[in-house]
Every structure is written in C-alpha cells, then in structure tokens.
1. Using a simple spin-label model with points 7 Å from Cα along the Cα→Cβ vector, what separation in nm is obtained for L84 and Y70?
2. With a sphere of radius 11 Å drawn around the Cβ of E96, what net charge do the other residues whose Cβ falls strictly inside it have (Lys, Arg +1; Asp, Glu -1)?
3. Residue-wise, which Karplus ³J(HN,Hα) couplings in Hz belong to segment 56-69, taking 6.51 cos²θ - 1.76 cosθ + 1.60, θ = phi - 60°, and x for glycine or proline?
4. Quick one: net charge of Q33's neighbours, Cβ under 14 Å, K/R +1, D/E -1?
5. Quick one: grab the alpha carbon gyration tensor of segment 37-104, order the square roots of its eigenvalues as a ≥ b ≥ c, and give me rounded if a/c is under 1.5, else prolate or oblate depending on whether a/b is larger than b/c.
6. With θ taken as phi - 60° and the coefficients 6.51, -1.76 and 1.60, list the Karplus ³J(HN,Hα) couplings across segment 34-44 in order, rounded to whole Hz; mark glycine and proline as x.
7. Treat each spin label as a single point 7 Å out from the Cα along the C-beta direction, and report the R47 to A24 distance in nm.
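Nothing in this text is a laboratory measurement; each read-out follows from the coordinates by a stated rule. Not measured: the values here are computed from a predicted model. Neighbour counts are summed over all protein chains in view; Cβ atoms, including those assigned to glycine, are modelled from backbone coordinates with ideal geometry.
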Amino acid sequence: MRRMTEEAAEGQTQTQAPAEKAPAPTKKQRSAQDHAQKYWAGLVGKRVKITPMVAGLPPITGVLKSYGVYEVEVELQNRTVYVLKHAIYTVEEAPEPVIGVKKR
C-alpha cells in the first residue's frame, strides 16, 4: 500500500505544470518606482506638510519617520500618525516653525 501511494505521489509531481513567472517590469515602470523610492527617501527625517484628498481636513504637518508601500508614518508633536498613500493629495517639505520674538 505504501509503495502505491509513493508511486501515485511521484506521478502527480511529474504531471504538475510549472508555476508561471510574473512578467518583468518594463524600463519605464522601473524608472517610476526608482523615482518614487528616491523621493520618499529624501524626505525621511525632514518636516513635511501632507495635504489629504478629503475636502475639509486640515493639512498634516510633522516629521516623516518612515514610509512603506502603502503608508507613511508622520510624527506630530505628541503622537504618531500613519497616512495611507492613496489618501494623499500633495506632499511638500515644510519650513521649520519660527519661534516668535516680541518686538519692543
């Protein structure tokens, strides 16, 4: 009985079709991916202003801590916020806040 199951298992492996590979990305797709990675990498650790796509929400301003495929992590004054990339309208580097000096 054991011999029959081994032969059956061997027969199944021989008849299975090889897994198809995903098509390689084109040169244009690779260039766009590289540009996006360099763009986000250049903003890590800097103060950024993120404008959400939802109307009525104020922009989020904080320090960009990290980024992933689908989200970015922004550290605000007292908390950390994860923003999904598909909900971002614009991202720009924000100037450092100026501490007001009273004029006499």
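1. 0.8
2. Numbers: positive: K46, R47; negative: E93.
Result for the neighbourhood of E96: +1.
3. So the J values, rounded to whole Hz, are x, 8, x, x, 9, 10, x, 8, 6, 8, 7, 9, x, 5.
4. Values: positive: K27, K28, R30, K38, K85; negative: D34.
Charge balance in the 14 Å sphere: +4.
5. Values: a/c = 2.18, a/b = 1.62, b/c = 1.35.
It comes out prolate by the Cα gyration axes.
6. With the stated coefficients, segment 34-44 comes to 5, 4, 5, 5, 5, 4, 5, 5, x, 9, 5 Hz.
7. 4.5
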